[in-house]
Amino acid sequence: MAFEDCDVFLSFRGETRNNFTCYLYEKLKLQGLTPFMDRENILVGDGIDEKIKKAIKYSKSAVIVLSENYSSSKHCLDELLHILERNRTSKYFIIPIFYYVEAADVKYQKGKFGDAFEHVKKRHNIEKVEKWKAALAEVGDILAKEINEKDPRTESKIIEDIVTSFTQKYSEHYQRDLDSKASNVSSMVSQQNSYQLLPTTDSYRFDIEQGSVEVTKDNAKSITNNYGDMTFRSWMKDWIINNPKFFILVVIIVTVILIFTVVTFVQIAIEASVFKDFSTNFKDMGPKNYPSTYKDSDDWRKEPTWT
């Protein structure tokens, strides 16, 4: 993914990576949007890297998942500073999500969110800490989505509602871009619909968005597998783009292994051929081919007769 194509930058702590944020990422992609989600494990103490800075710089918006331990990460707090700086430009917008934390706790660094912030601020100078506090206070004042135990909705429904709200806001800022993306998605859906599903006696009905689709048992498995393949290919594409050096190293290693395997098989084939020739010659030199008698027993100088 080119950074210039980034519609939304996702800022989050690792505790939500494999659940809430991952599902949000996939749902945004299904809407035809291009989200950026850092998939690499960033070590504690590492500063914000150039890749993240570029993604924020070229993104059109940001969703910030403020979880309990978000404020314990220097990396997340530095991300927040860059996002808020980017937010001061035209059109850019932010949607904070208070993920099982209170808005007041974020704004004033209280409760468990505040406790997590205490750990990180002890390791940094006052000037840096004050910038982080100002950033948290600023994001705490932005109209946000709240997720807590009192919410009766399932997490998947919450994510669906968040994506709907985000898409509406995105359309207000970038209607032309959204129309283009929607057209591409519609084209993909039409292409998928051109394939006729074979009827079977076993079928399932799923509600999708505001409509419904009936899928046969056999084809349900096929569609699920295809979707999984599409998601995996998309992930692989992002991973290769974000990790070019490591990808080249993997290619080199695989190439060396293939060459070694081919050379080994060639050597085995050659050795097998030589052994076969040797065995054939050895059989030809068997006892039946040794000289057994002479035509003229009185003249030992004559050539022997081979039998």
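For His82, His173, the sequence from fewest to most other C-beta atoms within 10 Å is His173, His82. Per-residue Cβ neighbour counts within 10 Å put Val106, Val251, Val163 in the sequence Val251, Val163, Val106, beginning with the fewest. Between Thr164 and His119, full extension at 0.36 nm per residue minus the direct alpha carbon distance yields a gain of 12.6 nm.
Going down the table (Lys57/Lys245; Lys51/Lys133; Lys54/Lys157; Lys107/Lys169), which pairs top 26 Å between alpha carbons? Listed pairs above 26 Å: Lys54/Lys157. Rounded to 0.05, the FRET efficiency of the Glu149 and Tyr108 pair, given R0 = 30 Å and the Cβ-Cβ distance, is 0.90.
Residues Cys76, Cys22, arranged from fewest to most other Cβ atoms within 10 angstrom of their Cβ, appear as Cys22, Cys76. Using the Cβ of Arg153 as centre and a radius below 14 Å, the other residues enclosed give a net charge of -3, where K and R count +1 and D and E count -1.
Computed from the coordinates by the stated procedures, all read-outs in this text should not be read as laboratory data. This structure is a prediction, so every number in the text was calculated from the model and none was measured. Neighbour counts are summed over all protein chains in view; Cβ atoms, including those assigned to glycine, are modelled from backbone coordinates with ideal geometry.
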